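The values are calculated or read from the model by the stated rules, or taken from the named source; none is laboratory data. Source: prediction; values computed, not measured. Cβ placement follows ideal geometry from the backbone for every residue including glycine, while neighbour counts extend to all protein chains displayed. All accessible areas refer to the heavy atoms of the entire protein, side chains included, with ligands and DNA or RNA removed. Shrake-Rupley method; radii C 1.70, N 1.55, O 1.52, S 1.80 Å.
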Amino acid sequence: MRIGVITFPGSLDDRDAQRAVRLAGAEPVALWHGEHDLRGVDAIVLPGGFSYGDYLRCGAIASFSPIMAEVIDAANSGMPVLGICNGFQMLTEAHLLPGGLIRNELGSFICRDQKLRVENVNTAWTNQFEAGAEITIPLKNGEGGFIADAETIARLEGEGQVAFRYLEVNPNGSINDIAGISNARGNIVGLMPHPEHATEEGFGPDTAAAMRSGVDGLTFFTSAIHALISA
Amino acid sequence: MSTPTTVSAADTVSNAAATPDRVQPFGALGLKEDEYLKIREILGRRPTSGELAMYSVMWSEHCSYKSSKVYLRQFGDKVSEKMKKNLMVGMGENAGVVDIGDGWAVTFKIESHNHPSYIEPFQGAATGVGGIVRDIISMGARPVAVMDALRFGAIDDPDTARVVHGVVAGISFYGNCLGLPNIGGETWFDSVYQANPLVNALAVGVLRHEDLHLANARGVGNKVVLFGARTGGDGIGGASILASDSFSAGGPTKRPAVQVGDPFAEKVLIECCLELFRDKLVEGIQDLGAAGISCATSELASNGDGGMFIELEKVLLRDPTLTAEEILMSESQERMMAIVTPEKLEGFLAVTAKWDVETSVLGEVTDTGRLVINWHGEEIVNVEPRTVAVDGPVYNRPVAYPAWIDALQADSTAMLPRASTPDELRAQAVALLGSPNLASKDWITNQYDRYVMGNTALSFPDDGGMVRVDEETGLGFAVATDANGRFSQLDPYRGAQLALAEAFRNVAVTGATPVAVSDCLNFGSPENPEVMWQFSRAVEGLSDGCLELEIPVTGGNVSFYNQTGDVPIHPTPVVAVLGVIDDVANRIPSGWQDEGNNIYLLGI
Amino acid sequence: MPTIVVEVMPKAELLDPQGKAVAGALTRLGKTRFSAVRIGKRFEVTVDGPVTDEVLAEVTELANDMFSNSVIEDVVSITVAPDVAPAPQPDLAVSVETTDAN
Amino acid sequence: MPTIVVEVMPKAELLDPQGKAVAGALTRLGKTRFSAVRIGKRFEVTVDGPVTDEVLAEVTELANDMFSNSVIEDVVSITVAPDVAPAPQPDLAVSVETTDAN
Ligand SMILES: Nc1ncnc2c1ncn2[C@@H]1O[C@H](COP(=O)(O)OP(=O)(O)O)[C@@H](O)[C@H]1O
């Protein structure tokens, strides 16, 4: 199973995403923004970071990268695509996912261990979670407020496309506490928090059991592997 | 100035020889008369305005360490064999390098960006992070962590919020965007820092032994290449520099004293430099710091074969109206200078093109022993590089024991009233809990990304930050920074030692073994004999302490002139200690977590 | 060289946390006669050559597709400012004049 | 309600990282006739009541002290746009006209 991680200028969590893919048992494949080549991967991760410095709008300049043409085609034909943080922003800028992400309500960057509820376990990246599972993974962003017009929100809610919801604290003012969404087909998922930072004991968020022991993020990647195997 | 020059007609070497009596604005550039006369003596003529620009920035306190040099030698002199054992590169280079075993090495350094951070807190602090990170890259290392040691004025002063929020947002913006985890630091409020906050930024990098690079210009015919951001007017009014009667006709040039940082450009520059090193396409890379091209050319040439020829008009400009002198002094950020052999130039340019990094070949290494800089075909600089970069003035400034210190020491806590009732005790406890210096710093650290890179084993609120270097073995390092200006005001010798001991302890309690020290010495004006006394005592204390603990100082930074009016800040020697741990899985976090653990109090 | 100025505003107050924050600060400062603040972007695009209809069409396309995100923003104006000096003098910077909205 | 528009640009001498990034993107997309892009801010301040000289003076002060940071930015214009609708319609948004620079 080969999962590609695209590096854009300014991507930061690309190596972490590759590590997470490896820890989950798949083969990470490094992809480069400037090429038109997906190297035959089975799934794609758009990693976190500050592509092009987050200038203009987060993810906007990256969404014009050469490789995005291939990503859009692959995503539309059903390949699992995960956008994490800046990757989520790119997916909205590329109109693969609806809505947009704006500056956090309180203005500043925030880094915290964030509790989420998995609202939809029928996506390529969540199928190994229990329905309604509560997980904790790191969140770190300056522009993570999810917004969309009322009609879009109603559609997302009505059709189960809200994939994750913030619990306890809504860190950025997202409408309806939305932390992540999927497309109708469930192969494209985007979220602001970072599953790849909760995949290795000792380097993840704190849990009740022990400090830095949280590995809830691993299930995103094992879900993708499962989706690919059973497809 | 009697004969002003313009962009197209810069002051040439021959013009300087022909007009020896021309009055030059050395004072406005921060040079003393005897320093100016010394430059004339070295050159055997008056300097051109370009040479004057170079000497003035390179002979500034900030770049030349002219007041501190005689003391800093102690760090190199007071060393045991054990202290030298793991030191791959010691003081004097961009950053010290320590062998941590298994073929790995760590480089780290702490540096101040105090004055710019008062003028423009956000950009000042941001570019402080950017600058220290470039020092790390130039050694051939990948930067892997940053820390920040901060001092602000009184928390209830109306200006403090401007400075605090600007500084923290600037560090957060630059460090997060660069993708470097922030693993710790300090925050302290005291009115002595009101108009002079301290912003000390630390960066750590890791490298394989064979990847170590030193910045020097060797190999006659090798190309001198400038790459990264374009050169603009940033920071020309900064440092000690440009006054209205300086260089150009048509009235004073109004240049801002601040630099604007572009962390994205720096992130790309990091990846680009690492690829250049990896593919062995460069002989050496030097970062462009405070004195920009003046510094990079003269230092590279001094550390190499001694000669260099540069065509300054080849510098890519953001602002085409810049004069030659301004180009020499510009502090534009996110620039690097490389030495490249002619055969590898093509490969070099391919890598910079891949990363969209603009590059221009400025000139080459020569065997003339001279640094020659031309501007549109005319020679505007012809100097022996060491006279600019190495053999600057050295002062043995007067020191005076501060008369007030005895009274200050005598006024001890023993004189304070003790709480005698539970209510008084309670009131004291509440006052302590509510004091900004003891309160939680979460509101700062929550703005810093501690997760990026996936190797952070310890960070806030732990006593020291810890990062895994080798994913296979778990080999890692820990760092802590500490300082206490109030102790140092009472006794700079012991104050510096206490800072060292505290940082040493903070590293030791993580489970790592302390191995090296970097320091940032923040003091008032060296022209004040009492400040000079404080400085001399602090350096003596720190160097004695390091000898006692047997860990070497690998580098650091001196920041003088930290004062409001005539009132100096408390002497604030910030000490950073680096430790090594065989396997970060064995780290010890600060918090207690498991029921049934025993609690012991160690020490006295 | 001629400059084309493109102005982009957030669609509504809801989408403009920065504007809301500034409006809040004004209220705290007692500046109560300002009931709302919205913060958008102003792009100055320098054109290499004359501003033809074709150039304008290209900029309009860029304004809609790249400079703004139609989910959250509107392009409120595109104007040509021929041959402006690179930067106005600080002291002359504030010129108060009444114009029509775009 | 009348709106006062304040426009702020980064100082020409200083780096404008945003503008640089957008200009780079334009080059990569083959849009080579645009030689530079600079990005500033546009503030729309809604005034509760008529725009008197006093109100303008107050906004000018705010523009200089709060909306802009004089160390790195210039206020390039302050104009009054009376009674605009809160947000223009997307389709009508782009009006191409030639004006003088401020
Ligand atoms: N400016 C800062 N940058 C990064 N970390 C900081 C900063 N200030 C404080 N910290 C971190 O916050 C934690 C608590 O700091 P502090 O309250 O000073 O505790 P302590 O007195 O135990 O050092 C420590 O982990 C410290 O490294």
Note to self: Residue under question is B:Val575, and the condition is that it be exposed (fewer than 13 other Cβ atoms within 10 Å of the Cβ) and over 30 Å from B:Glu472 (Cα atoms); does it hold?
What the structure shows: no
Item checked: Scan of segment B:283-296 for residues that are open to solvent by less than 10 Å² (accessible area, probe 1.4 Å) and either modelled with pLDDT of 95 or more or out of contact with any strand residue (DSSP E or B) (no Cβ under 7 Å at 6 or more places or on another chain) (or both), ordered by number -> B:Ala291, B:Gly292, B:Ile293, B:Ser294
Checklist line | Top-ranked residue of segment D:22-47 - restricted to ones that are more than 7 Å from every other protein chain (Cβ to nearest Cβ) and in contact with a strand residue (DSSP E or B) (Cβ under 8 Å, 6 or more places away or on another chain), ranked as surrounded by the most Cβ atoms within 10 Å (Cβ to Cβ) | finding: D:Leu26
Notebook entry, point to check: Across segment A:1-43, what is the number of residues that are crowded, with 21+ Cβ neighbours inside 10 Å, of a type in the set (D, E, K, R) and within 28 Å of A:Leu56 (Cβ to Cβ)?
Noted result: 3
Check: Can you name the residue in segment B:562-586 that is modelled with pLDDT under 95 and part of a loop (DSSP other than H, G, I, E, B) and is also nearest to B:Gln534 (Cα to Cα) among such residues?
Finding: B:Asp566
Notebook entry, point to check: Taking the stated definitions as given, is B:Val133 of a type in the set (Val, Ile, Thr) and touching a Leu at 6+ places or on another chain (Cβ under 6 Å)?
Noted result: no
Margin query: Contact list please: Cβ distance under 9 Å, first residue in segment C:48-62 and more than 9 Å from every other protein chain (Cβ to nearest Cβ), second residue in a loop (DSSP other than H, G, I, E, B) and crowded, with 18+ Cβ neighbours inside 10 Å, pairs at least six apart or on different chains.
Written below: C:Pro50/C:Pro2
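Working carefully through the options A:Arg212, A:Arg185, find the one that is open to solvent by 20 Å² or more (accessible area, probe 1.4 Å) and either in contact with a Phe, Trp or Tyr (Cβ under 7 Å, 6 or more places away or on another chain) or at pLDDT below 95 (or both). First the steps, then the outcome.
On the way: A:Arg185 fails: either in contact with a Phe, Trp or Tyr (Cβ under 7 Å, 6 or more places away or on another chain) or at pLDDT below 95 (or both).
Every option except A:Arg212 fails the conditions.
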Item checked: Number of the exception - A:Leu82 against (1) modelled with pLDDT of 95 or more; (2) among the hydrophobic types (A, V, I, L, M, F, W, C); (3) open to solvent by 10 Å² or more (accessible area, probe 1.4 Å) -> (3)
Item checked: Those residues of segment B:367-384 which are within 13 Å of B:Ala217 (Cα to Cα) and buried (at least 20 other Cβ atoms within 10 Å of the Cβ), in sequence order -> B:Leu371
Note to self: Could you tell me how many of the residues in segment B:544-570 are surrounded by fewer than 24 Cβ atoms within 10 Å (Cβ to Cβ) and more than 19 Å from B:Leu198 (Cβ to Cβ)?
What the structure shows: 6
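Taking the conditions exactly as written (within 15 Å of the ligand (Cβ to nearest atom) and farther than 18 Å from B:Val98 by Cβ), does B:Ser459 satisfy them or not? Step through it out loud before you land on a result.
On the way: within 15 Å of the ligand (Cβ to nearest atom): yes; farther than 18 Å from B:Val98 by Cβ: yes.
In short, yes.
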Notebook entry, point to check: Looking at B:Asn446, B:Asn506, which is the one that is within 14 Å of another protein chain (Cβ to nearest Cβ) and among the polar types (S, T, N, Q)?
Noted result: B:Asn446
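Within segment B:305-318, track down each residue that is open to solvent by less than 20 Å² (accessible area, probe 1.4 Å) and either closer than 13 Å to B:Val372 by Cα or of a type outside the set (Val, Ile, Thr) (or both). Spell out the reasoning first.
At the first step, the residues of segment B:305-318 found to be open to solvent by less than 20 Å² (accessible area, probe 1.4 Å) are B:306-308, B:310, B:312, B:315.
Across segment B:305-318, the qualifying residues are B:Gly306, B:Gly307, B:Met308, B:Ile310, B:Leu312.
Could you grab me the full set of residues in segment D:54-102 that are of a type in the set (S, T, N, Q) and modelled with pLDDT of 85 or more? Reasoning before the result, please.
We begin by selecting, within segment D:54-102, every residue of a type in the set (S, T, N, Q); these are D:60, D:64, D:68-70, D:77, D:79, D:89, D:95, D:98-99, D:102.
Across segment D:54-102, the qualifying residues are D:Thr60, D:Asn64, D:Ser68, D:Asn69, D:Ser70, D:Ser77, D:Thr79.
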Next item on the list: Tally the residues that are under 24 Å from the mean Cα position of the chain (by Cα) and assigned to a loop (DSSP other than H, G, I, E, B), restricting the search to segment B:454-486.
Entry: 7
Checklist line | Residue satisfying condition, being closer than 24 Å to B:Thr456 by Cα and more than 16 Å from the ligand (Cβ to nearest atom), within set B:Thr564, B:Thr554 | finding: B:Thr554
Check: Can you tell me which residues in segment A:51-65 are within 13 Å of chain B (Cβ to nearest Cβ) and open to solvent by 20 Å² or more (accessible area, probe 1.4 Å)?
Finding: A:Asp54
Next item on the list: Would you tally the residues in segment B:168-226 being more than 16 Å from the ligand (Cβ to nearest atom) and in a loop (DSSP other than H, G, I, E, B)?
Entry: 15
Notebook entry, point to check: Is at least one residue of segment B:491-509 more than 14 Å from the ligand (Cβ to nearest atom), in a helix (DSSP H, G or I), in contact with a Lys or Arg (Cβ under 6 Å, 6 or more places away or on another chain) and open to solvent by 30 Å² or more (accessible area, probe 1.4 Å)?
Noted result: yes
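Could you pull out the residue among A:Ala163, A:Ala179, A:Ala224 that is touching an Asp or Glu at 6+ places or on another chain (Cβ under 7 Å) and surrounded by 24 or more Cβ atoms within 10 Å (Cβ to Cβ)?
On the way: A:Ala179 fails: touching an Asp or Glu at 6+ places or on another chain (Cβ under 7 Å); A:Ala224 fails: touching an Asp or Glu at 6+ places or on another chain (Cβ under 7 Å).
Testing whether each residue is touching an Asp or Glu at 6+ places or on another chain (Cβ under 7 Å) and surrounded by 24 or more Cβ atoms within 10 Å (Cβ to Cβ) leaves just A:Ala163.
With B:Asp566, B:Asp594 as the choices, which residue is farther than 30 Å from B:Asn528 by Cβ and out of contact with any helix residue (DSSP H, G or I) (no Cβ under 9 Å at 6 or more places or on another chain)?
Values: B:Asp566 fails: farther than 30 Å from B:Asn528 by Cβ.
After ruling out the rest, the residue left standing is B:Asp594.
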Notebook entry, point to check: What number goes with the only condition from (1) within 16 Å of the ligand (Cβ to nearest atom); (2) in contact (Cβ under 8 Å) with a residue 24 or more places away in the chain; (3) within 14 Å of another protein chain (Cβ to nearest Cβ) that B:Asn437 does not pass?
Noted result: (3)
Next item on the list: Identify, from the list A:Ala60, A:Ala30, the residue that is assigned to a strand (DSSP E or B) and closer than 26 Å to B:Leu269 by Cα.
Entry: A:Ala30
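Which of the residues spanning segment B:462-481 are charged (D, E, K, R) and either in contact with a helix residue (DSSP H, G or I) (Cβ under 6 Å, 6 or more places away or on another chain) or near the ligand (Cβ under 8 Å from one of its atoms) (or both)? Give the steps one after another, and end with the answer.
So the first thing to find is which residues in segment B:462-481 are charged (D, E, K, R), and the list is B:462-463, B:468, B:470-472.
Matches in segment B:462-481: B:Asp462, B:Asp463, B:Arg468.
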